[in-house]
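Okay, structure first, notes after.
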Amino acid sequence: MADLQYTSLDSIQDAVTSLRVNFDTGKTRGLDYRKFQIQQLYNMVAHNEERIYEALAKDMNKPRSEAMSGDIAPVLEECLYFLDNLDRLAKEEKIKPRLALNSREIVKVRRDPLGVVLIIGCWNYPVQLSLVPLVGAIAAGNAVVLKLSEVAAHTAALLTDLFTRYLDQTVYRIVNGAVEETTSLLTHHFDHIFYTGSPAVGKIVMNAAAKHLTGVTLELGGKSPAVITPDADMKITANRIAFGKFYNCGQICIAVDYVLCPASRVDDFVKAFSATIKEWFGENPKHSKDYARMVSVRHVDRIAGLIENRQSGGIVFGGDVDRDERYIAPTLITDVKFNDQVLMGDEIFGPVLPVIAYNELDEAITLIKKNPPPLVLYVFSKKQKLIDRVLENTQSGGVCVNDTLMHQAGKFFWELKIKKRLISVGFPLLEYSLPFGGIGNSGVGNYHGHRSFNAFTHERAIMQKKQQLEFLMKVRYPPYTSGNLSL
Ligand code: NAD
């Protein structure tokens, strides 16, 4: 276990109070100041890349390439985006008045920071999910309390150490701890709370925010299905679903949670999927350096419990568990029933893939709609008509057709050895410009790029008039007479 020091409840109180005082001095508002802090955050991650890989490997054996594409690259990319675009985003918006009478006035929208905001990160992408929202909050001019996840303890300890050396502690502060510390934080008045984690804790956060009428962004989860239509190319489909299931050992909010497969194609899917797993991870995935581990023994036990206590389905491959190594094999279970309370009750968040067979596409759509809207819906089909039918009849935070994970921020890197030097070559396979967020049970609000800026910004409506024309303006004052009003 890493040496992660929890913040005392007294220091939490002091941090929130002093951040409010320092925010009120206006120091976080200057654009040059914001850009400098974002550059510092960039440096913090770029200069300490190797230490971040090490910490992520200790926490969940995260493979280097997954750590780069899922944790490091999104933060660097977000910093660069704001360094390039902050002037434009922060600019006041001049509004063209609808009423000709107001054309003499100044009518505009200022982009003001919300104030002192709280960001609560999650453990599965402990760098990305803490620092990407942080970049947006700094860019928008806020003071920030950042609560790191105690579950990824090595990464939290490292970020805490680095943070004090790169960022201005008077306005950006890290808090560490578990439920007690988070509960204490939530009693304070913040001007916005940005939470990433489970829907259950999302409700606790929203309740606490309601006491102060504080706005929230909630990045939650859910059971994200992959629907395969009968015409799909099974090899491509199997590869891409495996990628969206076993990346970080299934511990990703946009993982494929379960598959809806035409009954006539289940055998094809199983064959293709099994071949993919062997190709990627070998005969025994436990020995593959490219396969991550569960973040804790508690998480191993939960997934092992799902496999053992399932109410339906047979294991086609996988099912092995090694508690000491925090290892769960890539596991495929077919003939699963939608009403299986164990496999289908909650988000799986691990490397177990249930397959449910359907006969008609409408049947699959009906099943999807029985669950609350998921964070993402995956559709594998060559027929636009079928894709449209699924999309028109369902809801979800986002959609990715014929692929998985690629609608989310990130970048894939290859490390090449050129003349004995290791060079990282980035390949932007993923899309940065889409909003990222859920709907209903999978989340409230969205972020990334300019949407992060908006999430942490108050659009302050300004009308500035001149001290003139009172003879005309006074028609609106009492006493109201028909003569006055019809002027
Ligand atoms: P969690 O919700 O248990 O923990 C996240 C944070 O909440 C931690 O800082 C923890 O200290 C705090 N916390 C936990 N219990 C609390 C309580 N009772 N009161 C106050 N604070 C509490 O995280 P988890 O459930 O392990 O994370 C997995 C979930 O997060 C999945 O549902 C996944 O889909 C979701 N997730 C969503 C995203 C996204 O971007 N939408 C990203 C990652 C994970």
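Every number in this text was worked out from the coordinates using simple rules, so none of it is lab data. Just so it is clear, the model here is predicted, and its values are computed rather than measured. When we count neighbours, we look across all protein chains shown, and the Cβ atoms used for this are built from the backbone with ideal geometry, even at glycine.
Of note:
- All Cα pairs of the chain, percent lying beyond 34 Å: 41 percent
- In this structure, the amide hydrogen of His458, modeled 1.01 Å from its nitrogen in the peptide plane, lies closer than 5 angstrom to those of Asp112, Leu114, counting only residues at least 5 positions away or on a different chain.
- Amide H contacts under 5 Å for Lys147: Ile119, Ile120, Gly121, Val175, restricted to partners 5 or more places along the chain or on a different chain, H placed in the peptide plane at 1.01 Å from N.
- Sorted peptide list for 58-67, 354-363, criterion being average Cβ within 10 angstrom, highest first: 58-67, 354-363
- Karplus 3J(HN,Hα) series, Hz, for region 76-86 with 6.51 cos²θ - 1.76 cosθ + 1.60 (x for Gly, Pro): 4, 4, 5, 4, 5, 4, 6, 4, 7, 10, 4
- Cα centroid separation, region 160-215 to region 221-266 (Å): 34 Å
- Relative contact order of region 27-177, pairs being alpha-carbon contacts under 8 Å that are 6 or more residues apart, as %: 29 percent
- Cα long-axis angle, helix 49-60 against the chain (0 to 90 degrees, to the nearest 10): 60 degrees
- Packing-based ranking of 288-294, 179-185 yields 288-294, 179-185, ordered from highest to lowest mean Cβ neighbour count within 10 Å.
- Pairwise inverse Cα distances across region 109-176, averaged and inverted, put the Kirkwood hydrodynamic radius at 12.2 Å.
- Beta bridges from DSSP with both residues in the chain: antiparallel share about 40 percent, rounded to the nearest 5.
- Over region 103-147: Kirkwood hydrodynamic radius from C-alpha pairwise inverse distances, Å: 12.1 Å
- Amide H within-cut-off set for Thr334, under 5 Å, with H built and near neighbours excluded: Gly314, Val316, Val355
- Highest-first packing order for the peptide set 204-216, 260-272, 121-133 is 121-133, 260-272, 204-216, based on the mean count of other beta carbon atoms within 10 Å.
- Per the Cα gyration tensor, region 263-394 maps to an equivalent ellipsoid with semi-axes of 28, 18, 14 Å, ordered largest to smallest.
- Distance distribution P(r), region 182-321, all Cα-Cα pairs, bin width 10 angstrom from 0: 10, 30, 29, 18, 11, 2 percent.
- Across all directions, the shadow cast by the convex hull of region 1-133 built on its C-alpha atoms averages 11.6 square nanometres.
- Note, ³J(HN,Hα) from phi for region 377-392, Karplus 6.51, -1.76, 1.60, rounded to Hz, x at Gly and Pro: 10, 9, 10, 10, 6, 9, 9, 4, 4, 6, 4, 4, 4, 5, 5, 5
- Gap separating the Cα centres of region 278-352 and region 109-138, nearest whole Å: 32 Å
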